[in-house]
Amino acid sequence: MLLAASPASAKKKPPAASEDAKPAAADDEKPADPDAKPASQANDVEKPKTILDTNQEAPKTDSLGHVHFSSPNGEGLGRVVVNAPATAKVKVFLEGRFFGTAPVTIFSVPKGDYILEYTYPDGKQGNKPVTVSENEETAIDIGGAKAATAGGGGGSFFGSGEMTPNRTLLMKGLLIGGAAALVFGVTFGILEVKAESDYESTPSNMQARLDSLQTSGQRDATLADIGYVIAAVGAIGAGICALPLILGPSNSSSEKPAPTTTSTLGIAPIVGGGTTGGTLFFRF
């Protein structure tokens, strides 16, 4: 809008109205509202964000125990597999519809792009985009450390039932430390046996040498015992850390059974017959 005005000090006589001039606007005409929206924006309304209804009931399953997003008789259908520890009790929503707690498979999903939403028992929510293709399975993992923290939060390190990276690292450290202690104990055990053999072969008139061999033999025997004890503690600690590998995963609610693993842990001391030592083995 352009406004033209002349200086107040330079008053000019207005020109005479010509015949072709348009009539002046009426005095009661209202000026245009400067805050008025353009015609193209008059009907624009901001859409509110959809609030996830966490109180929905899970859909009924069919005779095979499957839950369906749409009619199973449609075309271009796929399925979405949502994986998470069952103990985490994560609620799964696809396009705002509740389909149960993970792990769950949603069948009869038309091909396209969707938003998968999930909530934890402590109220935390998350979402992931999902692309479904015809006659294909799309797997989404919403488990891990976050789900474990949200699901329980009170389990101890050794009783969590999950083979976490920290647990694996501690198990390996205990195994290495136990193996080193076993080598230490065996070494001094051999020295103790040698000192005992030298003591028996030394003449009785060499009392100074006998005393020296006796002292060194007792010292080697003590160090060997310490090494064996540390090796046993390391083996037991590694075995406790490896319980998820030995006993298998704590949840068995996934559709495909997890492959079983055979793990063996053992420590066997060897004492007697002039021989001392031990064996430590761990297989997984």
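Just so you know, all these numbers are worked out from the coordinates, no wet-lab data involved. A quick note: this is a predicted structure, and the numbers were derived from the prediction, not measured. Note that we place each Cβ from the backbone using ideal geometry, even for glycine, and neighbour counts take in every protein chain shown.
Test each condition in (1) surrounded by 14 or more Cβ atoms within 10 Å (Cβ to Cβ); (2) out of contact with any strand residue (DSSP E or B) (no Cβ under 7 Å at 6 or more places or on another chain) for A224 and report the one that comes out false.
Single failed check for A224: (2).
From the set of residues in region 114-146 that are under 17 Å from the mean Cα position of the chain (by Cα) and among the small types (G, A, S), which is surrounded by the most Cβ atoms within 10 Å (Cβ to Cβ)?
Looking at residues that are under 17 Å from the mean Cα position of the chain (by Cα) and among the small types (G, A, S), I get G143.
In region 73-96, which residues are within 15 Å of I140 (Cα to Cα) and in a strand (DSSP E or B)?
Correct list: G78, R79, V80, V81, V82, N83, K91, V92, F93, L94.
Just to be sure before I move on: is G78 surrounded by fewer than 18 Cβ atoms within 10 Å (Cβ to Cβ) and not basic (K, R) in the structure I sent?
So G78 fails the test.
Which residues, taken from region 98-147, are assigned to a loop (DSSP other than H, G, I, E, B), of a type in the set (G, A, S) and at positive phi?
G123, G144
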